[in-house]
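Please read the structure below before turning to the comments.
The values are calculated or read from the model by the stated rules, or taken from the named source; none is laboratory data. These figures come from a predicted structure and were not determined experimentally. A quick note on method: Cβ atoms are made from the backbone with ideal geometry, for glycine too, and the neighbour counts reach across all protein chains shown. Protein only, heavy atoms only, side chains kept; ligands, DNA and RNA dropped before computing areas. Shrake-Rupley method; radii C 1.70, N 1.55, O 1.52, S 1.80 Å.
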Amino acid sequence: MDIQLGDIQTTALIPLAIKANETMRKRPRIRDEKAVEIIKTLGIDTAQYDKFLSHEGVVARTIMLDRQLANIISKTPDAVIVSIAAGFDSRFSRLDNGRIRWFDLDLPDAIEVRRKVFPERDRVTMIAGNALDPSWCEPVKKALEEKTVKPVFFAEGLFMYLTFDEIRTLLNILRDYFPEGGTLIAEQNSKFAQKNDKHHDTVKNTNARFLSGSDTAQEIADLTHGIRLVEEHSFNEEMKKYSIRAKLFALLLPNVNDRWATFEWGPAEQ
């Protein structure tokens, strides 16, 4: 199957390759059979996309985000969830409770490829659009009309490819188009990682470059008013459970790894 992806969209092949290879291990920490199927269908050589630190990072972020979203769904069974820059993510299949409403948002070329490898599914909508153009919000707003829940948005592998001005634009869209409030869970990278992106073990094999980085997610919340940082957790918390190399990385470079940060807006919960 022939695929055409832009420079940044090509980075979606990194977690795809890693999830596929991890799934095929004897004792996989995560399972993503769809990733295995896609890699085989596309005939992708995964070597350049699957290196140790990236592999451990993707596994950790997958476990951590799955856990966080599963907790949200357990408390809000009718949740409306939007995957921003969805790439080849198949998280819906792992988390579906038969009731959630799910949206996969990505740029048109990425969604075109996604439609080739993902079937149409009930309660799942693919949206071809730019996250910085609010027109994508309409179908999500319509879904929310039928429910009494606040939307949940998550973004893996996105913020580092946006400038701070672009991140501000996205935050303003979420705040202004969903004024009743919501939650954003977004991956953050460090300033060190941004400065050294040419040495990143897998991204260096693509034409993408990191355009921003922060020492704390509070820097992201401070980009605009009305956005509250709730918590952030380094991938080190999960990575160090599995290998000596990851433990050493966490010990020697505690602030270099990516983090999950959770933001909220709207009226504060009582």
If we keep just the residues of region 101-113 that are touching a strand residue (DSSP E or B) at 6+ places or on another chain (Cβ under 6 Å) and surrounded by 15 or more Cβ atoms within 10 Å (Cβ to Cβ), which is farthest from GLY182 (Cα to Cα)? ILE111
Could you count how many residues in region 207-236 are open to solvent by 20 Å² or more (accessible area, probe 1.4 Å), of a type in the set (S, T, N, Q) and part of a helix (DSSP H, G or I)? 1
Residue satisfying all of: in region 142-179; open to solvent by less than 70 Å² (accessible area, probe 1.4 Å) and of a type in the set (Lys, Arg); nearest to ASP215 (Cα to Cα) among these: ARG175
Please list, ordered by first then second residue, the pairs with beta carbon atoms under 8 Å, 6 or more apart or interchain, first in region 180-194 and at negative phi, second of a type in the set (Ser, Thr, Tyr) and surrounded by 21 or more Cβ atoms within 10 Å (Cβ to Cβ). GLN188/SER214; ASN189/SER214; SER190/SER214; LYS191/SER214
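Each row is one residue, and each column tells you yes or no for (1) assigned to a helix (DSSP H, G or I); (2) under 18 Å from the mean Cα position of the chain (by Cα); (3) of a type in the set (A, V, I, L, M).
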position	(1), (2), (3)
ARG114	yes, yes, no
GLU120	no, no, no
SER135	yes, no, no
VAL149	no, no, yes
GLY157	no, yes, no
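Among GLU187, GLU180, which is the only one that is over 18 Å from the mean Cα position of the chain (by Cα) and acidic (Asp, Glu)?
Unique residue meeting the criteria: GLU180.
Results for (1) at pLDDT 95 or above; (2) polar (S, T, N, Q); (3) part of a loop (DSSP other than H, G, I, E, B), shown as yes or no for each residue.
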| position | (1), (2), (3) |
| --- | --- |
| ALA60 | no, no, no |
| GLN68 | yes, yes, no |
| GLY87 | no, no, yes |
| ILE111 | no, no, no |
Among the residues of region 22-42, the number that are farther than 20 Å from ALA86 by Cβ and either free of Cβ contacts under 8 Å to residues at least 24 places away in the same chain or in a helix (DSSP H, G or I) (or both) is 6
Can you tell me which residue within region 22-53, out of those that are among the small types (Gly, Ala, Ser) and surrounded by fewer than 17 Cβ atoms within 10 Å (Cβ to Cβ), is nearest to LEU65 (Cα to Cα)? ALA47
For region 237-264, how many residues meet the condition of being assigned to a strand (DSSP E or B), buried (at least 21 other Cβ atoms within 10 Å of the Cβ) and not charged (D, E, K, R)? 3
Filter result for the condition that a residue is in contact with a helix residue (DSSP H, G or I) (Cβ under 8 Å, 6 or more places away or on another chain) and modelled with pLDDT of 95 or more, over LEU105, LEU144: LEU105
